[in-house]
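The values are calculated or read from the model by the stated rules, or taken from the named source; none is laboratory data. Remember, it's a predicted structure, so these values are computed and weren't measured experimentally. Every residue, glycine as well, gets a Cβ built from its backbone with ideal geometry; the counts of neighbours run over all protein chains shown.
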């Protein structure tokens, strides 16, 4: 019998296992043969640990983004920087406030996390596929495809979302939530590119700074200025990725299901690009026939890039379903942390910071048991 069973191999579970009491029997169950793939890939494999400048109302999406204030008060971006630097890993701040490992090797942080988790007496089982989680007579049973069942007093679900399947995410955490009747908001793609009705292939790989504004018919939804990239199918870059999360949240509020999104995009969503002289290229200037009196264009959204390309998942388990330690109100000793929550950040270290903070708070909560 384990005191704590942690499901998933991402940033949140590692941090949770590090901060849980050392004398409690802990196990991490991971479906992949290796750990922390998403940590490795973050920041272009340089690990975008967190962001130096976090304002929850500006940088997160979800039904209850104010909860990030509480998370940051308990474990902030500066706490994370301090934690890793005290253990010999230095960081630097780059564009958009991104905090990156100075070594440029995300594996340095992953190795540290695994080392600290092991030092805290955490058992790790890899290459284990979970088929079902149930609670019988106050004890959780985690059933594996091997036929084995692992028993535990507490279960922490840190399985991530359903995007970026190449790192092993498949939305299984949402199945657990549904099985236990935990209310969720429908998952949607985040941090991926846009496909436009206009053919922009001639501009592929042109990069510049623009202001991207998003409209539903004539209603303004969102804008952001920053790095931007034309692709063979449309638009990409940090400001596009962030706008996709905002769009997903907007459609969720309207009750638009995923199967209806493409049609809705084509009928209603327009994009305005405002170009800035300081980053203008001759290629872009000529293509759109820009001038001193014409520095913006209107494009029409046809669709988003696939789930496989989305870096995060929006939506998920509602914060209102959980206590301030991420324990389910309906199911005692069942916890949800990290990306499985309806609390999604922009690109730039914001999602990892949510994972560190929720993992820290959840792990520390077991001290009272």
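Sort out which residues of the range 229-264 are buried (at least 22 other Cβ atoms within 10 Å of the Cβ) and either assigned by TED's automatic domain parsing to the domain that holds residue 339 or more than 20 Å from the chain's Cα centre (by Cα) (or both), and write them in order of number. Across the range 229-264, the qualifying residues are 230, 234, 235.
Could you pull out every one of the strands (runs of 3 or more DSSP E) wholly within the range 56-138 that has 3 or more residues that are crowded, with 20+ Cβ neighbours inside 10 Å? Give the derivation first.
Working: elements: 91-93, 98-101, 122-125, 130-136.
The strands (runs of 3 or more DSSP E) meeting that bar are 98-101.
Taking into account only those residues within the range 324-369 that are out of contact with any strand residue (DSSP E or B) (no Cβ under 9 Å at 6 or more places or on another chain) and touching a residue at least 60 places away in the same chain (Cβ under 8 Å), which is nearest to residue 141 (Cα to Cα)? The qualifying residue nearest to residue 141 (Cα to Cα) is 330.
Reported count of residues in the range 54-78, each being touching a residue at least 60 places away in the same chain (Cβ under 8 Å) and within 21 Å of residue 360 (Cβ to Cβ), is 15.
Listed here are the residues, each with its yes/no results for (1) within 22 Å of residue 132 (Cβ to Cβ); (2) surrounded by fewer than 24 Cβ atoms within 10 Å (Cβ to Cβ); (3) at pLDDT 90 or above; (4) out of contact with any helix residue (DSSP H, G or I) (no Cβ under 8 Å at 6 or more places or on another chain).
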{"position": "12", "(1), (2), (3), (4)": "yes, no, no, no"}
{"position": "17", "(1), (2), (3), (4)": "no, no, yes, no"}
{"position": "24", "(1), (2), (3), (4)": "no, yes, yes, no"}
{"position": "27", "(1), (2), (3), (4)": "yes, yes, yes, yes"}
{"position": "34", "(1), (2), (3), (4)": "no, yes, no, yes"}
{"position": "41", "(1), (2), (3), (4)": "no, yes, no, no"}
{"position": "46", "(1), (2), (3), (4)": "no, yes, no, no"}
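Filtered by the rule that a residue be more than 14 Å from residue 49 (Cβ to Cβ) and touching a helix residue (DSSP H, G or I) at 6+ places or on another chain (Cβ under 9 Å), the range 96-117 gives 114, 116, 117.
Does residue 317 satisfy being at pLDDT below 95 and in contact with a helix residue (DSSP H, G or I) (Cβ under 8 Å, 6 or more places away or on another chain)? So residue 317 does not fit the description; no. As a summary of the residue check, residue 269 satisfies the conditions (1) in contact with a strand residue (DSSP E or B) (Cβ under 6 Å, 6 or more places away or on another chain); (2) assigned by TED's automatic domain parsing to the domain that holds residue 54; (3) over 30 Å from residue 80 (Cβ atoms) except for the one numbered (2).
Can residue 207 be described as assigned by TED's automatic domain parsing to the domain that holds residue 297, touching a residue at least 24 places away in the same chain (Cβ under 8 Å), within 14 Å of residue 284 (Cβ to Cβ) and surrounded by fewer than 19 Cβ atoms within 10 Å (Cβ to Cβ)?
Criteria met by residue 207.
Considered as a group, the residues in the range 144-157 that are touching a strand residue (DSSP E or B) at 6+ places or on another chain (Cβ under 7 Å) and free of Cβ contacts under 8 Å to residues at least 40 places away in the same chain include one that is surrounded by the fewest Cβ atoms within 10 Å (Cβ to Cβ), and that residue is 145.
I'd like to check something: does the range 158-179 contain any residue that is in contact (Cβ under 8 Å) with a residue 12 or more places away in the chain and assigned to a strand (DSSP E or B)? Within the range 158-179, none of the residues are in contact (Cβ under 8 Å) with a residue 12 or more places away in the chain and assigned to a strand (DSSP E or B). In summary, residue 198 fulfils each of the numbered conditions (1) touching a helix residue (DSSP H, G or I) at 6+ places or on another chain (Cβ under 7 Å); (2) assigned to a loop (DSSP other than H, G, I, E, B); (3) surrounded by fewer than 16 Cβ atoms within 10 Å (Cβ to Cβ) with the single exception of condition (1).
Residue-level check: of (1) assigned by TED's automatic domain parsing to the domain that holds residue 210; (2) in contact with a strand residue (DSSP E or B) (Cβ under 8 Å, 6 or more places away or on another chain), residue 316 misses just (1).
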